[in-house]
Amino acid sequence: MKQVLVVDDSAVIRKVARRILEGLHFRTNEAQDGRAALAECEKGMPDAILLDWNMPEMDGFEFLCALRKMPGGAAPKVVFCTTENEVGHIARAMHAGADEYIMKPFDQNIMRSKFEEIGLV
Amino acid sequence: MRNLHAAFPPPQPVGGAGAVRPSATEGSAANVAFDRFRRQLAALTGIEVAADRQYLVEARLAPIMRARDIGDFPELLRRFERRESEALVREIIEAMTTSETSFFRDRAPFDVFRDQTLPELMATRATARRLRIWCAACSSGQEAYSLAMTLDQSANALRGWSVELLATDISQTAIDAARAGAYSQFEVQRGLSTTQLLRYFQRQGDGWRVNEHIRARIVFQEFNLLSNLDGLGKFDAIFCRNVLLYFDPETRRDVLARLSRALADDGCLFLGASELAGERHPAFAAPGSDGVLRLRGRPRPQLRLAHAV
């Protein structure tokens, strides 16, 4: 079973995302910001990371840059998950090394299609 | 707007295509009225509604009743029966034929089209350099745009080719929506990769719109699959996915026979996954492992490889 790390400062979003991902037969763990997410990755690299953009402490961009420099940090597929839906924002996220981009609000079908896109469903 | 009765012939008497006879045990006036409705809808659209689905039909038609201030369901059916207005008949047909769709639905058929069908067709048409593709029930346009995006991926190989992509649907509302090419954030997230979204769409208000260079490749047109296909000419590939399953077996056979005649000898028909559920049609060979239907007696063309000696 593949592991997905859910990174979001909103406990509600983390809960909803985990429930959807578990419905798609993923194991999940969570972190409330980029720093906590890095600590989770040091314990064990997940197969994919659902990553919020705006977070206190360390935001999604900073986390992504730090992740990719870690040993084994190139491996996880990263799906940016945010309310930002401007073309420029999305393009920047992809350019920074995200594999996919999901806009809130989302449902299970959308989540499934994004994880199909990165080859995990 | 085209003449309704040209597109939708008047209902046939019992025994016509898709006819459903009321059973002797169904006594109530409401059941009889619903049976007549099912029979007429089948004659007009080929769509078969099961006898126990009255509540679903009522739910689908409720917005029309509210908008037109029609008090009860039998009254709506009476007005439909006597073809009270072209608009009413059209609204009812549209409410009954709307189906869910998404970009690159099921994905595999588009991969097969890109990786097998298109190279095969291009190999056998290398002189004429002309392709005609028909998306035969395009609904709100996602399948047609998925095909246009798939063709765009082969743009280099298709340079200098004339590629015609026709997209039709029985519903004028669906065709209007398809032609506009505007989708909500929810819709663009289903089936489209972010790379495709950035490449083929632009933001428009709260949603997204297909870029002009993709929209311009598709001709959208209202068309009933039960009407005469002869005027459309021959196609090299036809997508008619998740449509036949709504038809009764007799109508399904009839539509398949007519689609077979609209297909080039070595053309391909794409249906929905296991849509025929084991049924065979005399015009078509059994589907191969790719699930694509080809005409019987027309072997799959050999793929000519560039390095072949």
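Here, each number is a calculation from the coordinates, and none is a lab measurement. Not measured: the values here are computed from a predicted model. When we count neighbours, we look across all protein chains shown, and the Cβ atoms used for this are built from the backbone with ideal geometry, even at glycine.
Could you derive backbone 3J(HN,Hα) for region B:186-203 from the dihedral phi with the Karplus parameters 6.51, -1.76 and 1.60 (θ = phi - 60°), listing whole Hz in sequence and x where the residue is Gly or Pro?
4, 5, 6, 7, 8, x, 9, 6, 5, 4, 5, 4, 5, 7, 10, 10, 10, 5
Between B:K234 and A:E84, what FRET efficiency follows from the Cβ-Cβ distance if R0 is 35 Å, with the result rounded to 0.05?
Using R0 = 35 Å, I get an efficiency of 0.15.
Under a 10 Å cutoff between Cα atoms, tell me which one of A:I49, A:I13, A:I102 has the largest fluctuation in the Gaussian network model of chain A.
Of A:I49, A:I13, A:I102, the Gaussian network model singles out A:I13 as fluctuating most.
Express the relative contact order of region B:134-215 as a whole percentage, based on alpha carbon pairs under 8 Å and six or more residues apart in sequence.
34
Nearest 0.05, what FRET efficiency do B:A257 and A:R35 give at R0 = 56 Å with Cβ-Cβ as r?
According to the calculation, E is roughly 0.30.
Taking Rh as the Kirkwood radius, which is the inverse of the mean 1/r over Cα pairs, what is the Rg/Rh value for region B:113-194? Let's see the in-between values first.
Numbers: Rg = 14.2 Å, Rh = 14.0 Å.
That ratio equals 1.02.
Set the Förster radius R0 to 30 Å, insert the Cβ-Cβ distance between B:D115 and B:E250 as r into 1/(1 + (r/R0)^6), and round the FRET efficiency to 0.05. Each step should come with its number before you reach the end.
Values: r = 35 Å, r/R0 = 1.18.
Plugging the Cβ-Cβ distance into 1/(1 + (r/R0)^6) gives 0.25.
Helix-derived [θ] at 222 nm for the protein assembly as shown: sum -39500 (n - 2.57) over DSSP H runs of at least 4, divide by residue count, nearest 500? Kindly include the intermediate steps, with their values, before the conclusion.
Values: 18 runs with 171 residues, N = 430.
Mean residue ellipticity, 222 nm, calculated: -11500 deg cm²/dmol.
Can you give the percent of C-alpha pairs in the protein assembly as shown whose distance is more than 36 Å?
40
Over 20 Å between Cα atoms, which of A:K43/A:K114; A:K69/A:K104; A:K15/A:K114; A:K2/A:K114; A:K43/A:K77 qualify?
A:K43/A:K114; A:K69/A:K104
Describe numerically, in nm with one decimal, the distance between label points set 7 Å from Cα along Cα→Cβ at B:Q202 and at A:M94.
Placing both labels 7 Å beyond Cα along the Cβ direction yields 1.6 nm.
If you count, for each residue, the other Cβ atoms within 10 Å and average over each peptide, how do A:22-30, B:250-258 line up from highest to lowest?
Answer by packing, highest mean first, reads B:250-258, A:22-30.
Count, for each residue of B:183-193, the Cβ atoms from other chains sitting within 10 Å of its Cβ, then give me the mean as a whole number.
Details: counts 0, 0, 7, 6, 1, 3, 12, 7, 7, 3, 8.
The per-residue average across the peptide is 5.
Using the basic label-point model (7 angstrom from Cα toward the beta carbon), what is the B:A123 to B:R82 distance in nanometres?
6.2
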